[in-house]
Amino acid sequence: MEAEMQAFVDSLRHNLTAEDVVNLEACMNCKMCGEACAWYLVTGDEKLHPTHKTGLIRQIYRRYMTLEGQIGGALGLVPTPTLADLKENMQYFWACTACGRCTLACPSGISIRRIVRLARAAYADSGLSYANPTIRSIIENTDRRRHSFGLTAAQVLGRVGLFLRSEGLEAPVNVQNAEFLFVCPAAGNTKIPDYGIKLIKILNAAGVSYTISPYVIDTGTEIDHIAVHHKLSKQMLEDWEQEADRLGVQKILLVECGCDTRTLYAEASETLGRPFRYPIVSVDALMLDLIKQGRLPIEKTHLKVTLHDPCYATRLSGLGDLFRELLNLVTDNFIEMTPNREYNYCCNGGAGGMRLPENTATRRKISVLKANQIRATGADFVTSPCVVCTLSLEDTCQTYQLSPSGDRMALVLFEVVYAAMEPALAKLGELDRMRVPAVLRNRDHEFFIAHSVEGQMMRLMQQPDFPELLDWLEQDDIVKRFSKDHPQVYDDIRALREMVMNCENCD
Amino acid sequence: MIELLNIVAPVAMAIFIVGVGLRLGRFTWALVTKRRFRGVSPTFESPPPRMGVIPALYAVLFGPFNHFYKRANPVWGRGYLFYHVAIITEVIGYTISALIVFAHIIVGRPVPDVSLHLAESFNYSPANLLAIIFGNGEHLQANFLFGEFGSLFIGVTWIAVGFAVVGNLHLMVALVRKWSGAVVGDIDRAAQGIRTPGRYAWDRIVVRTIIFCIIWTELFARLHLVPGIVYLHALLGLTLFVLLPFTYLFHMVYNFLAVFYAVRRRMARTIA
Ligand code: SF4
Ligand code: SF4
């Protein structure tokens, strides 16, 4: 057997649990799971059928891990999958969002997504997944920089700092003994930091005691769900815990990301082999509590909005009721899409659906189901408590021209909460509450500079590579998007550049 | 036929036991060797309420029919429901019958002789024992097995046979029309108009035809239309025993475990 195949089999053997043995042995190949899978339904491509993926893993399991398979294989009675089969079929394990919808249609409730995860892990352990440039970059970036998109802490903080500056806001960094550690998943701080500012405003306005870490800038979502690299995933979780230890926080704040939700709800236990050490609080549960306690004033919005249940947060972590309770508190025009909750169709973006560019054409094609669902509601907006879902939904809305003007139609759920909060604060004349976080209020200048994003920016300005950071920001697509509502952001960049140049001249 | 059964039965049972042992052995081994903490994180604050075992079982068993097959593949869906009501009832009946027969043998009590229509005999031959177990819906055997409840048992099995005939006919139609695994109707509004082809699966056709014959031999035996057909019924049943560890039929064993895990996940709100 080739070394890679051996490593693949060893990985399967190592990760297989008793439940997985059942998932592999109990399938009767009836193919009914195909009725639930958007990838198969819309394309009709047998290779995208759930059983095409599980079939290959079953063949490997049978041939190399069972007695009758080894005997049958030696006699030529049982097929012997080869390394070439593994390579040829690798793409199909990522033309799947591991959304678990297929389980709903399986007469025995077999979890196909568990087999997909086993396969992805085996592709990582055997080194075969490195052949895919995106997966390779996720693994290498996570290993080297602890950020799956390869951003540095300076880039993440620099960009957020720029946006906060433009809006005259502050956020806490490196504060000891805050209640919550706030770590934004890489997809969030890479793709939507401009929308994410609203979450900071909510936390500030409600007086939540939280802190951002200057070191931990990714949660490990992509390494856990796209690459399924258990070793790095474990390290990311341990980094998170160690940073929480260092900062002396009480809890971890789970930001709106479906994959993070699933990781912290269930997957972390398996990855760590023990429970995650810190209490985990979903930001949706937190916002709900804050509203109920009266700490977050709201005035129901009239936005005609429908909810997309993220597979990983609703089907795989059961939070569907929570999202509805929150949404019903902040809107008076919420419309359910059909099917919904655990039966909802996947956005087709998660766990690699959108991250791998080779999926783009198929993903857009199969998203016709999502577009049909949204269109049927007649809603003006679709919201989701997941960053990746929202990005994928926005792409779907644009592709299928669901918003006539081409305006943004997909909102992260906290943006809907924000839409209810801002007018309420305005009415109270308390818009200023959004500006400064609780842990920085009434602090002396020294503390403020040491623990504010502004202070971080000043530190960055003293770094020799700050002009390069400014160049990067000037070219950045997210900054361009932010500039539509905040055209002064480029003036801010210019001002920063001048300040640095003046300082250099001072020297 | 009786001689054939006497020779074939021990071999078939040996193949069955070794096959089942091998397959279940892998699960047992994994259960023993792969013990580490997993499952819902105990530190997750405000977790969703756990689902009760009955709603979870209902969701796992009937959810697929209610949300998918009922609309997308109604013939297969109805067949699947009807047939499983029948087969589960029948298998429970055969298992209870087998246990009663073996209890009698262990304490040395007489059993009926099916070929001679004798209520009491010491004919412990495999063919006779199989005829008692697989022919448990006939009066002689039912009265021996269940005493005064024999008629009630026969009544229940008649209902099961009815379900088996209807269910199997549906499944046969789905198979022959190549509707196995196909989408032939609208799943929901979002997937309106989507159709996918099914398969013409030979293993299914072979197995289903055997099952179809089993059902008819049972019917003929009960109606006393063909004397001695209970032995053919038993032989066909044995064939399934031999095939069971090596074909999709093994789901009859493993799917109880699969459903157990699916219910457990459902209760914890982690569906897959
Ligand atoms: S997990 Fe989702 S995408 Fe993957 S096969 Fe199942 S239904 Fe399809
Ligand atoms: S529905 Fe379940 S049993 Fe049928 S092929 Fe799919 S995974 Fe296998």
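Name every residue in the stretch B:219-235 that is more than 17 Å from residue B:160 (Cβ to Cβ), in a helix (DSSP H, G or I) and free of Cβ contacts under 8 Å to residues at least 40 places away in the same chain, in order of residue number.
B:229
Kindly list the number of the only condition in (1) free of Cβ contacts under 8 Å to residues at least 40 places away in the same chain; (2) more than 25 Å from residue B:270 (Cβ to Cβ); (3) touching a Lys or Arg at 6+ places or on another chain (Cβ under 9 Å) that fails for residue B:69.
Among (1) free of Cβ contacts under 8 Å to residues at least 40 places away in the same chain; (2) more than 25 Å from residue B:270 (Cβ to Cβ); (3) touching a Lys or Arg at 6+ places or on another chain (Cβ under 9 Å), residue B:69 violates only (2).
For every residue, the table says whether it meets (1) modelled with pLDDT under 95; (2) part of a loop (DSSP other than H, G, I, E, B); (3) within 30 Å of residue A:137 (Cβ to Cβ).
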| site | (1), (2), (3) |
| --- | --- |
| A:295 | no, yes, no |
| A:306 | no, no, no |
| A:359 | no, no, yes |
| A:374 | no, no, no |
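Filter the stretch B:172-184 down to the residues that are open to solvent by 10 Å² or more (accessible area, probe 1.4 Å) and within 19 Å of residue A:373 (Cβ to Cβ) and list them by number.
none
Let me confirm something: among A:243, A:170, A:222, which residue is part of a helix (DSSP H, G or I), farther than 30 Å from residue A:122 by Cβ and open to solvent by less than 30 Å² (accessible area, probe 1.4 Å)? Give the derivation first.
Working: A:170 fails: part of a helix (DSSP H, G or I); A:222 fails: farther than 30 Å from residue A:122 by Cβ.
None of the other options fit; the residue is A:243.
Please count how many residues of the stretch A:13-32 are near ligand 2 (Cβ under 6 Å from one of its atoms) and more than 7 Å from chain B (Cβ to nearest Cβ).
Final tally of qualifying residues: 1.
For the stretch A:433-478, enumerate the residues that are among the hydrophobic types (A, V, I, L, M, F, W, C) and open to solvent by 30 Å² or more (accessible area, probe 1.4 Å).
A:436, A:438, A:447, A:448, A:449, A:450, A:458, A:461, A:472 - these are the residues of the stretch A:433-478 that are among the hydrophobic types (A, V, I, L, M, F, W, C) and open to solvent by 30 Å² or more (accessible area, probe 1.4 Å).
Taking into account only those residues within the stretch B:10-57 that are of a type in the set (S, T, N, Q) and more than 7 Å from chain A (Cβ to nearest Cβ), which is surrounded by the most Cβ atoms within 10 Å (Cβ to Cβ)?
B:28
Would it be correct to say that residue A:303 is in contact (Cβ under 8 Å) with a residue 40 or more places away in the chain and either farther than 19 Å from residue A:373 by Cα or crowded, with 24+ Cβ neighbours inside 10 Å (or both)?
For residue A:303, the condition - in contact (Cβ under 8 Å) with a residue 40 or more places away in the chain and either farther than 19 Å from residue A:373 by Cα or crowded, with 24+ Cβ neighbours inside 10 Å (or both) - is not met.
Among the residues in the stretch A:5-17, are any under 30 Å from residue B:191 (Cα atoms) and open to solvent by less than 10 Å² (accessible area, probe 1.4 Å)?
Within the stretch A:5-17 (the criterion being under 30 Å from residue B:191 (Cα atoms) and open to solvent by less than 10 Å² (accessible area, probe 1.4 Å)), the answer is no, since none of the residues qualifies.
Among the residues of the stretch A:26-44, is any within 13 Å of ligand 1 (Cβ to nearest atom), of a type in the set (Ser, Thr, Tyr) and open to solvent by less than 10 Å² (accessible area, probe 1.4 Å)?
yes
Restricting the search to the stretch A:33-45, which residues are of a type in the set (D, E, K, R) and within 14 Å of ligand 2 (Cβ to nearest atom)?
From the stretch A:33-45, those of a type in the set (D, E, K, R) are A:35, A:45; that's our starting set.
Result: A:35, single match.
Does the stretch B:185-225 hold any residues that are under 25 Å from the mean Cα position of the chain (by Cα), open to solvent by 30 Å² or more (accessible area, probe 1.4 Å) and within 11 Å of chain A (Cβ to nearest Cβ), and which are they?
Result: B:199, B:203.
Quick one: residue B:149 ticks every box in (1) within 30 Å of residue A:33 (Cβ to Cβ); (2) surrounded by fewer than 17 Cβ atoms within 10 Å (Cβ to Cβ) except a single one, so which number is it?
With respect to (1) within 30 Å of residue A:33 (Cβ to Cβ); (2) surrounded by fewer than 17 Cβ atoms within 10 Å (Cβ to Cβ), residue B:149 is out only on (1).
Looking only at the stretch A:74-89, count how many residues are open to solvent by 50 Å² or more (accessible area, probe 1.4 Å) and within 16 Å of ligand 1 (Cβ to nearest atom).
0
Answer yes or no as to whether residue A:1 is of a type outside the set (Lys, Arg), at pLDDT below 95 and within 14 Å of ligand 2 (Cβ to nearest atom).
No: the conditions fail for residue A:1.
Which residues, counting only those in the stretch A:90-102, are within 16 Å of ligand 2 (Cβ to nearest atom) and either over 22 Å from residue B:181 (Cα atoms) or open to solvent by less than 10 Å² (accessible area, probe 1.4 Å) (or both)? I'd like the intermediate steps shown before the answer.
Just the residues of the stretch A:90-102 that are within 16 Å of ligand 2 (Cβ to nearest atom), to begin with: A:92-93, A:96, A:98-102.
Across the stretch A:90-102, the qualifying residues are A:93, A:98, A:100, A:101.
Considering only residues that are surrounded by fewer than 19 Cβ atoms within 10 Å (Cβ to Cβ), within 16 Å of ligand 2 (Cβ to nearest atom) and within 10 Å of chain B (Cβ to nearest Cβ), which ones fall in the stretch A:46-73?
A:46
In this structure, is residue A:233 at pLDDT 95 or above, open to solvent by less than 10 Å² (accessible area, probe 1.4 Å) and touching a Gly at 6+ places or on another chain (Cβ under 6 Å)? Can you show your working first?
Numbers: at pLDDT 95 or above: yes; open to solvent by less than 10 Å² (accessible area, probe 1.4 Å): yes; touching a Gly at 6+ places or on another chain (Cβ under 6 Å): yes.
So residue A:233 passes the test.
Quick check on my filter: what residues within the stretch A:330-364 are open to solvent by 10 Å² or more (accessible area, probe 1.4 Å) and among the β-branched types (Val, Ile, Thr)?
A:335, A:338, A:360, A:362 - these are the residues of the stretch A:330-364 that are open to solvent by 10 Å² or more (accessible area, probe 1.4 Å) and among the β-branched types (Val, Ile, Thr).
Determine which single condition residue A:312 fails, assuming it passes every other condition in (1) more than 16 Å from ligand 1 (Cβ to nearest atom); (2) open to solvent by 10 Å² or more (accessible area, probe 1.4 Å).
Tallying (1) more than 16 Å from ligand 1 (Cβ to nearest atom); (2) open to solvent by 10 Å² or more (accessible area, probe 1.4 Å), residue A:312 fails exactly one: (1).
Among the residues of the stretch A:93-152, write down those that are aliphatic (A, V, I, L, M), within 14 Å of chain B (Cβ to nearest Cβ) and more than 10 Å from ligand 1 (Cβ to nearest atom).
A:110, A:118, listed by residue number.
The values are calculated or read from the model by the stated rules, or taken from the named source; none is laboratory data. Owing to the predicted nature of the structure, the values given are computational and were not obtained by experimental measurement. Note: ideal-geometry Cβ built from the backbone for every residue, glycine included; neighbour counts use all protein chains shown. For accessibility, only protein heavy atoms count, side chains too; no ligands or nucleic acids. Shrake-Rupley method; radii C 1.70, N 1.55, O 1.52, S 1.80 Å.
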